[in-house]
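Written below as structure tokens is the structure these notes are about.
The values are calculated or read from the model by the stated rules, or taken from the named source; none is laboratory data. Since the structure is predicted, the reported quantities are computational estimates derived from the model, not experimental observations. Virtual Cβ from ideal backbone geometry, glycine too; neighbours counted across all protein chains shown. Areas reflect the complete protein model, heavy atoms only, side chains present, ligands, DNA and RNA absent. Shrake-Rupley method; radii C 1.70, N 1.55, O 1.52, S 1.80 Å.
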Amino acid sequence: MVMDKLGDSLQGALKKLVRAGRIDERTVNEVVKDIQRALLQADVNVKLVMGMSKKIKDRAMKEDPPSGMSPREHVIRIVYQELMEIIGQGAEIKLKPQTIMMVGLQGSGKTTSTAKLARFFQKKGLKPAVIAADTFRPGAHKQLKILSEKLNVAFYGEEGNPDAVEIVRNGLKALDKYDVKIVDTAGRHALEADLIDEMERIHKIAKPDQKFMVLDAAIGQQASQQAHAFNDSVGITGVIITKLDGTAKGGGALSAVSETKAPIAFIGVGETPEDFEKFEADRFISRLLGMGDLKSLMEKAEENLSEEDVDVDALMQGRFTLKDMYKQLEAMNKMGPLKQIMQMLPMGMAGGMKVSDEMFRETGDKLKHYRIIMDSMTEAEMLDPKLIGGTRIKRISRGSGCSPEEIRELLKYHKTMQTALKGLKGGKFNLQKMMKKKMGM
Ligand SMILES: Nc1nc2c(ncn2[C@@H]2O[C@H](COP(=O)(O)OP(=O)(O)OP(=O)(O)O)[C@@H](O)[C@H]2O)c(=O)[nH]1
Ligand SMILES: [Mg+2]
């Protein structure tokens, strides 16, 4: 998972609060020490960490818990708020026609993020198009072309033309009828004169509404220098932090960017076009702290499911037939790796489990079997699984080539999901309630 290690350590620290008999100065000190260690390991700046820990300590000892909040919850809330403070709010992304210019050093993930961004707007119902204005690196044109073809996104490029500015000018004209035009530019290994000059000229022609700087999370704290440098030359409106899936230094990059006051717009969490998230600090931190993230799960679901796919109202009332489950499995398929979905569930729902890659693979295989089994059921059985008795199980087993045990397991799985969904109904969206449950308070 993204920033797994930091998440684990922070969750470990908060668990100390639960285990402690009383929340006194000693407990708070211990928890704060653990948090310090966790943040430093994630490459967050020492000064920032020290400042934050002092604030947590002071507030935890001096402020009275708001009414109705236990001392434990109070401390957790302070930790949450102070983390928000160092990560900052995400950038505002408007869902309307606009031109976006991508800038960043070589290999930071500009081209990949251009495609991901196009996908993002496409899912929101806008018509995106991309322009290949990297004439510096051989193959850049082709790379973006292939990516956009896969996504069914309009592409403009002029292979062989070395004049990036001209390409952008022509491209914007040719793509006039598209809503969101994203310009991929060349990267260099450092912010040098050539690059600045080209960026400025493209900037003048494109008059972009957004200028996103793409930044590799692996550079950690140094992100701050880079953000400053790009900001000084073209004035960036948002930062895309990529490769958060592959580094332990994500905390450094996130906090350093936040310090420069350039808001973080998106994060890249893998190589496929779906591995991309709009950055929202509160969700991000909830997830780090292991409090689940129903909000983003729900949004992800909304984006990918059309209404006929799932009857959300029925689900919320606990009406969850095998047919619904089948649709859900299909939807999950659409949504991409199961692992990502599971990570967005609150710990309670995923059973508080730490799931290994292996288990995810197994679960994925299982779901495939489940679908085969359900294909052998009748419509009536799908709507009312109680109809499925011993003889029917045998029939379905023969029809699907799966064992009767597996069919029983599927029925049990359906029951569990049904119960879980009933639980969802009970207002678990409330953060405090979720925390309480998770922390056993
Ligand atoms: N794991 C992971 N890999 C990423 C992510 N974003 C980009 N990459 C990979 O990073 C490498 C470089 O990405 P590009 O998009 O080509 O980078 P670029 O900034 O366009 O590079 P230049 O055009 O050479 O300046 C590719 O192998 C991408 O697949 C991410 O969020 N996670
Ligand atoms: Mg590129």
| note | Given (1) at pLDDT 85 or above; (2) open to solvent by less than 70 Å² (accessible area, probe 1.4 Å), Tyr413 misses just (1)
| task | Hey, can you tell me all the residues within region 252-275 that are in contact with a Gly (Cβ under 8 Å, 6 or more places away or on another chain), within 12 Å of Ser113 (Cβ to Cβ) and of a type in the set (A, V, I, L, M)? | result | Ala265
| note | Among Ala223, Ala217, Ala229, the single one that is away from ligand 2 (no atom under 16 Å from the Cβ), among the aliphatic types (A, V, I, L, M), on the phi < 0 side of the Ramachandran plot and open to solvent by 10 Å² or more (accessible area, probe 1.4 Å) is Ala229
| field | Within region 19-50, tally of residues that are farther than 22 Å from Lys5 by Cβ and open to solvent by less than 40 Å² (accessible area, probe 1.4 Å) | value | 3
| Taking region 140-176 on its own, how many of its residues are in a loop (DSSP other than H, G, I, E, B) and open to solvent by 60 Å² or more (accessible area, probe 1.4 Å)? | 5
| said: Among the residues that make up region 133-142, is at least one of them modelled with pLDDT of 95 or more and either away from ligand 1 (no atom under 12 Å from the Cβ) or not assigned by TED's automatic domain parsing to the domain that holds Ala227 (or both)? | reply: no
| The one condition in (1) open to solvent by less than 10 Å² (accessible area, probe 1.4 Å); (2) within 28 Å of the chain's Cα centre (by Cα); (3) more than 14 Å from ligand 1 (Cβ to nearest atom) that Val103 fails to fulfil | (3)
| Whichever residue in region 193-214 is assigned to a helix (DSSP H, G or I) and not hydrophobic (A, V, I, L, M, F, W, C) and, among such residues, is most open to solvent (accessible area, probe 1.4 Å) | Lys204
| field | Residues of region 106-119 satisfying the condition of being in a helix (DSSP H, G or I) and either surrounded by 23 or more Cβ atoms within 10 Å (Cβ to Cβ) or within 11 Å of ligand 2 (Cβ to nearest atom) (or both) | value | Lys110, Thr111, Thr112, Ser113, Thr114, Ala115, Lys116, Leu117, Ala118
| Residue list for region 177-190, filter: within 16 Å of ligand 2 (Cβ to nearest atom) and buried (at least 20 other Cβ atoms within 10 Å of the Cβ) | Ile182, Val183, Asp184, Thr185, Ala186, Gly187
| request: For Arg137, indicate whether it is closer than 30 Å to Ala248 by Cα, open to solvent by 10 Å² or more (accessible area, probe 1.4 Å) and either without any contact (Cβ under 8 Å) to a residue 24 or more places away in the chain or within 15 Å of ligand 2 (Cβ to nearest atom) (or both). | output: yes
| query | Residues of region 201-225 being among the β-branched types (Val, Ile, Thr) and over 22 Å from the mean Cα position of the chain (by Cα), which ones? | reply | Ile202, Ile205
